[in-house]
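Each remark here refers to the structure printed beneath this line.
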Amino acid sequence: MTSIDSAQQPAGSPAKAPVKGPWDLPDVSGLIVSVLGGTGPQGKGLAYRLARAGQKVIIGSRAAERAQAAAEELEYGVEGADNAGCARRGDIVIVAVPWEGHGTTLESLREELTGKLVVDCVNPLGFDKQGAYALKPKEGSAAQQAAALLPDSRVTAAFHHLSAVLLQDPEIDGINTDVMVLGDVRSDVEIVQALAGRIPGMRGIFAGRLRNAHQVESLVANLISVNRRYKAHAGLRVTDV
Ligand SMILES: NC(=O)c1ccc[n+]([C@@H]2O[C@H](COP(=O)([O-])OP(=O)(O)OC[C@H]3O[C@@H](n4cnc5c(N)ncnc54)[C@H](OP(=O)(O)O)[C@@H]3O)[C@@H](O)[C@H]2O)c1
């Protein structure tokens, strides 16, 4: 019996185009990455790692001078601008503002973000005496809220499970973790996977469509519990991939 994998092509049929594998990712080295909320630990950490890997990075803030001051600290050619200027200049725009400011920030930047590849890394979390817990946005997740507010942008979600402490530590060369990348358009997801892969030690792994972003965002509550118990900066590895 012949399996599908080993089936022979009938003689005379046209040659098949080589099948693209899941690790055949585009070259993103020439794309400009903007980071909204780039003055906070997560935005600054991501900006630092991407710029150190050779990417052109612009960080944004509600106040241009705060962004410029943070950019100077980061070096590697990072520039600072207000969030609108930052959004306008990026090919890829990472959203790294707190959940509380997520909706209003994106709504106010709808025009600047038109056509842009938006990468949402926001984790809607609450905190009480028992620790962190996942909030339930009415749209389903922060990423779905972004997609609803930005119908003319290409919304993806990634970089939720990173430790900002490790990202910002210049003594650490590699960030040994996988990044779950979610999105509804494969070519956009692959760009974000490739971007994650620019950071030594990091892999970007397709982890489903935006409707499954809630679990990925929520998992951070569990990682915070891990970090507290083990005094760690836990990341994730997806095995057998
Ligand atoms: N920290 C982590 O380890 C980590 C890891 C993965 C994902 N994340 C996610 O990344 C996002 C940023 O995390 P973070 O710890 O860097 O947050 P943060 O320090 O609280 O905020 C980041 C920046 O956002 C701006 N900001 C503050 N409040 C805002 C508001 N209401 N509206 C618009 N902008 C506001 C501030 O910059 P300006 O005052 O300069 O505008 C601030 O520096 C969060 O949504 C978080 O869930 C964090």
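The values are calculated or read from the model by the stated rules, or taken from the named source; none is laboratory data. Remember, it's a predicted structure, so these values are computed and weren't measured experimentally. As a convention, Cβ positions derive from the backbone with ideal geometry for all residues, glycine included, and neighbour counts pool all protein chains shown. Please note that ligands, DNA and RNA were not included when accessible areas were found on the heavy atoms of the full protein model with its side chains. Shrake-Rupley method; radii C 1.70, N 1.55, O 1.52, S 1.80 Å.
All conditions but one from (1) in contact with an Asp or Glu (Cβ under 7 Å, 6 or more places away or on another chain); (2) farther than 30 Å from Thr114 by Cβ apply to Ile205; the one that does not is (2). Applying the set (1) near the ligand (Cβ under 8 Å from one of its atoms); (2) touching a Leu at 6+ places or on another chain (Cβ under 7 Å) to Val57 leaves exactly one unmet item: (1). The set of residues in the range 135-178 being of a type in the set (Ser, Thr, Tyr) and either open to solvent by 10 Å² or more (accessible area, probe 1.4 Å) or not in a loop (DSSP other than H, G, I, E, B) (or both) consists of Ser153, Thr156, Ser163, Thr177.
Under the condition of being without any contact (Cβ under 8 Å) to a residue 24 or more places away in the chain and within 15 Å of the ligand (Cβ to nearest atom), the residues counted in the range 111-136 number 2.
Only one entry in Arg203, Arg229, Arg237, Arg211 is open to solvent by 40 Å² or more (accessible area, probe 1.4 Å), more than 13 Å from the ligand (Cβ to nearest atom) and assigned to a loop (DSSP other than H, G, I, E, B), namely Arg237. Which residue out of Val33, Val19 is over 21 Å from Ser153 (Cα atoms) and of a type outside the set (Gly, Ala, Ser)? Every option except Val19 fails the conditions.
Going by the conditions given, is Ala196 more than 26 Å from Ser108 (Cα to Cα), open to solvent by less than 20 Å² (accessible area, probe 1.4 Å) and touching a residue at least 24 places away in the same chain (Cβ under 8 Å)?
On the way: more than 26 Å from Ser108 (Cα to Cα): yes; open to solvent by less than 20 Å² (accessible area, probe 1.4 Å): yes; touching a residue at least 24 places away in the same chain (Cβ under 8 Å): yes.
When the stated conditions are applied, Ala196 passes them.
Among the residues of the range 65-106, the ones that are under 25 Å from Asp169 (Cα atoms) and hydroxyl-bearing (Ser, Thr, Tyr) come to 1 in all.
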